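Below is one structure; the comments refer to it alone.
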Amino acid sequence: MAKQSDAVEIVAHRGAGRDFDEPVRDQAHRPAAPPENTLPAIELGWREAAACEIDVRLTGDGRVVAIHDETTGRTCDRDLPVAGTDLATLQSLDAGAKKGAPWRGVRIPALSEVLAAMPEGRSLWLDVKSGPEIAPALAADLGAAARGSDGVVLISYCLETLHAAKARRPDLRCYWIVRFREREGGRWTVAWAERAATGAALERVERPRVDWGELVDRMGRDGSVDGLDASRRQPPELGAEMARAGIAWGAWTVDTGDEAVELARRGAFQITTNCPTDVAAALAREGIATR
């Protein structure tokens, strides 16, 4: 597993844009922020943090675009399936109008456009929502932009996707996303994504109980994963279990200073947040170094 800096890495979530369906407490924090996963949001993220996270998917014509959902209806003015639509059509949609008049006309960016806009000294975390079939296009975009492990990190719920990407670009850091949920009686479950047995789609897999041995084994089978990217709500023993296994781990999506401080003290090397300046300030007040 990759050795990490002692400083906590702050990552701006979806480019420091705000989700359209966030709770009111988050919308009230910065209601005028740009729409998620668009160039204005990404540029804001890089102004507020050294690292910026975006979601990426494969289009119908084999291009990589920045968008979270399988379809465009939540964030754009028309509802189209990303995987079944070509880049030109996707970029004809308005990805800003639903966020308000100031953002009308903002488009879905191609990954190549995001990479071209990346400032020196900044990094980009790519939450890869497609399956392993996206790996060739990802590698092509990163190669054309001359971006490597100093600037790009891959994360995904799907280990197969990370394995395929790492096979083409072994220099890239790759982290496996998992979501923990607390159930009745204090029992914790853990979920990730796998390729469906009946086709190319990814399907959610949830274990009824957390088996730390299984998680560690899955991550370490072929060296394709450098660590874990865990949900902010997590079993209290996660930090100790990851330390025992020598596995680096980060957390998402952490929007309060108190929670960020607690996770950093447990051992999180990275925190993804919609509120990067607030989180960085909270960590600094507690003497926790950030980058």
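The values are calculated or read from the model by the stated rules, or taken from the named source; none is laboratory data. From a predicted model like this one, the values you see are computed outputs, not experimental measurements. Cβ: placed from backbone, ideal geometry, glycine included. Neighbour counts: every protein chain shown. Heavy atoms of the whole protein, side chains included, go into the accessibility calculation; ligands, DNA and RNA do not. Shrake-Rupley method; radii C 1.70, N 1.55, O 1.52, S 1.80 Å.
Only residues that are small (G, A, S), open to solvent by less than 40 Å² (accessible area, probe 1.4 Å) and over 22 Å from A165 (Cα atoms) were counted across segment 224-250, and they come to 2.
Open to solvent by less than 10 Å² (accessible area, probe 1.4 Å) and closer than 22 Å to P35 by Cα - does that describe any residue in segment 95-105? Yes, there is a match, as at least one residue in segment 95-105 is open to solvent by less than 10 Å² (accessible area, probe 1.4 Å) and closer than 22 Å to P35 by Cα.
Here the condition is being surrounded by fewer than 22 Cβ atoms within 10 Å (Cβ to Cβ) and touching a residue at least 40 places away in the same chain (Cβ under 8 Å); of G73, G62, G131, it holds for G62 alone. For segment 166-187, the criterion of being in a helix (DSSP H, G or I) and either closer than 17 Å to I54 by Cα or touching a Lys or Arg at 6+ places or on another chain (Cβ under 6 Å) (or both) is met by none of the residues. For segment 76-96, filtering for residues that are of a type in the set (D, E, K, R) and in contact (Cβ under 8 Å) with a residue 24 or more places away in the chain leaves 1.
Of all residues being aliphatic (A, V, I, L, M) and open to solvent by less than 60 Å² (accessible area, probe 1.4 Å) in segment 76-94, which is nearest to I134 (Cα to Cα)? Just the residue, please. Checked segment 76-94; the qualifying residue nearest to I134 (Cα to Cα) is V82.
Selection of first residues in segment 39-53 that are at positive phi and of second residues that are open to solvent by 10 Å² or more (accessible area, probe 1.4 Å), restricted to Cβ pairs under 6 Å at least 6 apart or on distinct chains, gives an empty result. Within segment 137-168, the residues that satisfy the criterion of being among the charged types (D, E, K, R), without any contact (Cβ under 8 Å) to a residue 60 or more places away in the chain and touching a Ser or Thr at 6+ places or on another chain (Cβ under 8 Å) are D150, K166.
Condition check ((1) of a type outside the set (K, R); (2) touching a strand residue (DSSP E or B) at 6+ places or on another chain (Cβ under 7 Å); (3) at pLDDT 95 or above) across all residues:
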residue: R47; (1), (2), (3): no, no, yes
residue: C52; (1), (2), (3): yes, yes, yes
residue: D55; (1), (2), (3): yes, yes, yes
residue: G60; (1), (2), (3): yes, no, yes
residue: R63; (1), (2), (3): no, yes, yes
residue: L87; (1), (2), (3): yes, yes, yes
residue: L90; (1), (2), (3): yes, yes, yes
residue: L124; (1), (2), (3): yes, yes, yes
